[in-house]
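Okay, so here's the structure we're looking at.
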Amino acid sequence: MIILRNTLAVLNLAFFLVTCAAFPWSSSSRDNAHVTSHQRHIVEHQSHKLRGVFPQLTWLRDTAIEKVFGQPPKKDGSGQRKPAISHAANPNLPTTLLAKYGGDVVLRFNLTTAAEEKALAEAADTLFLDVWEFTNNWADIRLREDDVASLLGLLPKSLQRAYSHLMPDLAKTIYQSYPSITFEDFEPAPPSRRDAQTFSPALKTTGGADLDNIFFRDYQPYSVIVPWMRLMASMFTTHVRMLSIGTSYEGRDIPGLRVGVSPKNSQEPLGPRKTIIVSGGFHAREWISVSTVTYIAWSLITSYGKNAGITKLLQEFDFIFIPTVNVDGYVYTWENDRLWRKNRQQTNLRFCRGLDLDRSFGFEWDGTTFQNNPCSESFPGEEPFQAVESHRLAEWARNETQNNGVKFVGFLDLHSYSQQILYPYSYSCAAFPPSQENLEELALGLAKSIRISSGQQYGVSSACEGAVPYRSKASGSVSARMETGGGSAIDWFYHEMKVRYSYQIKLRDTGSYGFLLPKENIVPTGEEAFNAVKYFGDFLLGNKGIESTLFPEIHKDENATPPVGLANAVEAEMVGEDIETVNEWDERDWELRRRRR
Ligand SMILES: *[C@@H]1O[C@H](CO)[C@@H](O)[C@H](O)[C@H]1NC(C)=O
Ligand SMILES: *[C@@H]1O[C@H](CO)[C@@H](O)[C@H](O)[C@H]1NC(C)=O
């Protein structure tokens, strides 16, 4: 225990130092640029090599930030440190950012009829506008201020006034969303002063992972996430392993962590290892999904052996954490375009790169809609699995189940934004998943566990919704949705991998910042998602959301009475269902359920 605590302290120190860009010894850091390949070796001997590792990580971090903002000011002659970036001192935005987003705004349209949604979807398509997010009631669209008139001209009268400005100065909001390295924030202070500086007092947390962890004070670039993952695997060898899902279009490794402990010396032959995937970063600009995957991983990893519930979970299940499925896109959002969504694959149109990874899976792939244009933000490619990273992930998952004794029992695909928990099917509201009641029940439980954790409201619905036309099916209207939902990852894992509990979770917020969620949300969003993962694991262990001693915190009563619908669902579910059904859920089961419908 003491050893564990010491390693945690070292880890915290490591990332505290990484973020402090201008340490005295950082001048020698360039010499360590080649260290990456030896990283594992070095961290294994970290107690003797601290000075070797930290300048290296510092250099990685600096490099990423320099690419975005240019060279930071050097220390001046007096030895005074200067902030590398200071918003207050430098109100002028970088010219590249101004050129790209200087005149842009984000509008929210209230949608009330199918005709309105159809008109808006078609207009957005005609003008190649960027649809940020949409639900049953609204759609957020980014466009140039100059184009607002053109857009309104294409819309019915009812929509021409039904919008508001979400983000009046997009370029500034983007600028502020990049990590700010100001030494007011990060100068090492005596321990007594550090608490006060750590996080704003408004942050409410429910315990769990170490608050003082520098890694979660800001969004992190790929070049820091990968060494961080290696560090995890090196320091917690009993229950963490690094793995690779495959190689991206541009040749980057798609890294993952496998967290769990298979019981050894078991008398009984081991069945397939029940495994839960938690992924983020399918869409490059959804940074909070990336930080949240790492936060959940960190929380599970460091609670193992300390918290009985987590220890049990990790004995029963392996978790696979994949923070950045779309690695190329993620790097691109750091170095070039904060709002990039797709991967970076070349299409047949030279000037429009990128495929939408979450539209390119092979189940009910939809290449026939009006979005089948490489310039569309939702371009699904010309055939299923043309997108390299989706293909790799699917191949990897198949290989795991066919050759490595793995059975996937859960898939949590984190996205942003709009605070929703979505279950299959995404491709159509006319198709009903065979286990819809269970999917819905667990989704409601996840939403409840988040409410208990932080008070945040997350909606629950089928992933096909968020499309007005389906609400007015009775009227017989057929129309385009804001986005087609075919070829999604949750549908593919649900249907092809038979992952019984497959969800897309759209994290914070509900539109004030959208993709540009301030870093102060990293820890609270991570905490509420971690609480949801505990609920998820508890449910899969057979507790079905019933009070259990594993995680008392996820069952804290909100108002002494649970929501009526949920309580009923839970009781109904109790009859004859336990964890074994997770294993035995086979084709026959599907067919039976299908017929019963
Ligand atoms: C959009 O709908 C919301 C909630 O229904 C309402 O508060 C808001 O005023 C509406 N905005 C416009 C521009 O109609
Ligand atoms: C499949 O799994 C085996 C066993 O771990 C591994 O050797 C092989 O490289 C994997 N193949 C692919 C395509 O990932």
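The values are calculated or read from the model by the stated rules, or taken from the named source; none is laboratory data. For clarity, every value in this text was computed on a predicted model and none was experimentally measured. Positions of Cβ are generated from backbone atoms using ideal geometry, with glycine treated the same way; all protein chains shown enter the neighbour counts.
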message = Would you confirm whether or not the stretch 323-331 contains a residue that is surrounded by 23 or more Cβ atoms within 10 Å (Cβ to Cβ), farther than 22 Å from V533 by Cα and hydroxyl-bearing (S, T, Y)?
response = yes
note = The residue that is surrounded by the fewest Cβ atoms within 10 Å (Cβ to Cβ), considering only those in the stretch 382-419 that are within 16 Å of ligand 2 (Cβ to nearest atom) and hydroxyl-bearing (S, T, Y), is T401
ask   = Any idea which residue in the stretch 469-497 is nearest to T510 (Cα to Cα), counting only those that are at pLDDT below 95 and polar (S, T, N, Q)?
value = T484
query = Of the numbered conditions (1) at pLDDT 95 or above; (2) surrounded by 24 or more Cβ atoms within 10 Å (Cβ to Cβ), G466 satisfies every one except a single condition; which is it?
reply = (1)
message = Please go through (1) more than 19 Å from S462 (Cβ to Cβ); (2) away from ligand 2 (no atom under 16 Å from the Cβ); (3) surrounded by 22 or more Cβ atoms within 10 Å (Cβ to Cβ) for Y425 and return the number of the only condition it doesn't satisfy.
response = (1)
inquiry  = Condition check: more than 16 Å from ligand 2 (Cβ to nearest atom), buried (at least 23 other Cβ atoms within 10 Å of the Cβ) and farther than 26 Å from F321 by Cβ. Does F379 satisfy that?
reply    = yes
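Could you say whether any residue in the stretch 138-145 is out of contact with any Leu (no Cβ under 8 Å at 6 or more places or on another chain), more than 16 Å from ligand 2 (Cβ to nearest atom) and modelled with pLDDT of 90 or more?
So far as the stretch 138-145 goes, yes, one or more of its residues are out of contact with any Leu (no Cβ under 8 Å at 6 or more places or on another chain), more than 16 Å from ligand 2 (Cβ to nearest atom) and modelled with pLDDT of 90 or more.
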inquiry  = Looking at the stretch 402-410, can you tell me whether even one residue there is within 29 Å of K544 (Cβ to Cβ), away from ligand 1 (no atom under 16 Å from the Cβ) and in contact with a Cys (Cβ under 9 Å, 6 or more places away or on another chain)?
reply    = no
ask   = Out of the residues in the stretch 96-133 that are among the β-branched types (V, I, T) and away from ligand 1 (no atom under 16 Å from the Cβ), which is farthest from Y175 (Cα to Cα)?
value = T126
task = Please determine, by comparing only the residues of the stretch 163-179 that are part of a loop (DSSP other than H, G, I, E, B) and surrounded by fewer than 18 Cβ atoms within 10 Å (Cβ to Cβ), which one is nearest to ligand 1 (Cβ to nearest atom).
result = P168
query = Yes or no: G281 part of a helix (DSSP H, G or I) and either small (G, A, S) or buried (at least 23 other Cβ atoms within 10 Å of the Cβ) (or both)?
reply = no
ask   = Counting only residues that are among the charged types (D, E, K, R) and not in a helix (DSSP H, G or I), which one in the stretch 293-325 is farthest from L393 (Cα to Cα)?
value = K306
task = Take the residues in the stretch 110-137 that are touching a strand residue (DSSP E or B) at 6+ places or on another chain (Cβ under 6 Å) and free of Cβ contacts under 8 Å to residues at least 60 places away in the same chain, then tell me which one is surrounded by the most Cβ atoms within 10 Å (Cβ to Cβ).
result = L129
remark   = Flagged in the stretch 275-310 as closer than 16 Å to P524 by Cβ, in contact with a strand residue (DSSP E or B) (Cβ under 8 Å, 6 or more places away or on another chain) and of a type in the set (G, A, S), in numbering order, are S289
